[in-house]
Structure formats: C-alpha cells, structure tokens
C-alpha cells in the first residue's frame with residue numbers, strides 16, 4: 001500500500017522523494033497517524049501552491065480565488081441549449 005511505503009521512507013533522499021510526490025515532509029506524520037483528511041487538505045494546499053508558483057513563473061495571471069469552483073459557463077449545458 002502506498003501509505004505504508006511513504007511512511008517507511010528513510011535516508012538522505014527521503015525529503016526529495018516526498019516532495020517529488022507533492023508531499024511536504026512535515027505533513028507525513030498526519031498520514032502515519034491516520035489523520036487522512038488533514039493530510040489530504042495540506043497536500044491539496046501544497047499542490048495549489050506549486051501550481052501558483054508555476055503560473056507566476058510563466059507570467060500567467062493568478063485567479064481571483066484559489067477555491068475550486070464551477071466554470072462560469074457549463075459547457076455541457078451550453079452545448080445542449082444550442
């Protein structure tokens with residue numbers, strides 16, 4: 001299971017391996033202790049930060065809100081109307 005593998009990583013490359021999977025090393029204790037919701041929330045926040053950093057580095061304007069939301073136009077509804 002991935003959880004077992006992740007929580008057992010050790011050695012000098014541990015942090016690099018975790019970061020390559022978008023896991024902040026300091027949040028691994030949440031996964032190990034069974035606090036899955038908090039772990040996933042923190043990981044989602046971290047992935048969002050990675051995305052924002054990339055967008056900024058590419059000169060892309062950041063969205064007004066970082067919360068997931070429906071797109072202004074639902075393509076499925078738009079197609080069925082036309």
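The values are calculated or read from the model by the stated rules, or taken from the named source; none is laboratory data. No experiment lies behind these values; they were computed from the predicted model shown. Using ideal geometry, Cβ is built from the backbone for each residue, glycine included, and neighbour counts are taken over all protein chains shown.
Check off (1) surrounded by 14 or more Cβ atoms within 10 Å (Cβ to Cβ); (2) over 22 Å from residue 3 (Cα atoms) for residue 43 and give me the number that stays unchecked.
Among (1) surrounded by 14 or more Cβ atoms within 10 Å (Cβ to Cβ); (2) over 22 Å from residue 3 (Cα atoms), the lone unmet condition for residue 43 is (2).
In the stretch 5-27, which residue that is more than 14 Å from the chain's Cα centre (by Cα) and outside any loop (DSSP other than H, G, I, E, B) is nearest to residue 66 (Cα to Cα)? Walk me through it before giving the result.
Of the residues in the stretch 5-27, the ones more than 14 Å from the chain's Cα centre (by Cα) are 5-17, 26.
With outside any loop (DSSP other than H, G, I, E, B) added as a condition, the list becomes 5-7, 14-17, 26.
Values: 5: 31, 6: 28, 7: 29, 14: 29, 15: 26, 16: 26, 17: 26, 26: 23 Å.
Checking each candidate, the answer is 26.
Identify, please: which residue in the stretch 61-76 is within 19 Å of the chain's Cα centre (by Cα) and either within 17 Å of residue 23 (Cα to Cα) or surrounded by 10 or more Cβ atoms within 10 Å (Cβ to Cβ) (or both) and is, among those, modelled with the highest pLDDT?
Our first condition is that a residue be within 19 Å of the chain's Cα centre (by Cα); within the stretch 61-76, this holds for 62-70.
Filter once more, so that each one left must be either within 17 Å of residue 23 (Cα to Cα) or surrounded by 10 or more Cβ atoms within 10 Å (Cβ to Cβ) (or both): 62-63, 66.
Working: 62: 84, 63: 80, 66: 73.
By that ranking, first place goes to 62.
Here is a check on your reading of the model: is residue 32 in contact (Cβ under 8 Å) with a residue 24 or more places away in the chain and at positive phi?
Details: in contact (Cβ under 8 Å) with a residue 24 or more places away in the chain: yes; at positive phi: no.
Judged against the criteria, residue 32 is not a match.
I'm trying to understand the selection: among the residues of the stretch 46-60, which are over 21 Å from residue 22 (Cα atoms) and either in contact with a strand residue (DSSP E or B) (Cβ under 9 Å, 6 or more places away or on another chain) or surrounded by 10 or more Cβ atoms within 10 Å (Cβ to Cβ) (or both)? Break it down into steps so the answer makes sense when it comes.
Taking the stretch 46-60 as the starting set, the residues that turn out to be over 21 Å from residue 22 (Cα atoms) are 59-60.
Result: 60, single match.
Taking residue 79 as the residue in question, decide whether it is part of a helix (DSSP H, G or I), out of contact with any strand residue (DSSP E or B) (no Cβ under 8 Å at 6 or more places or on another chain) and at pLDDT 95 or above.
Values: part of a helix (DSSP H, G or I): yes; out of contact with any strand residue (DSSP E or B) (no Cβ under 8 Å at 6 or more places or on another chain): yes; at pLDDT 95 or above: no.
So residue 79 does not fit the description; no.
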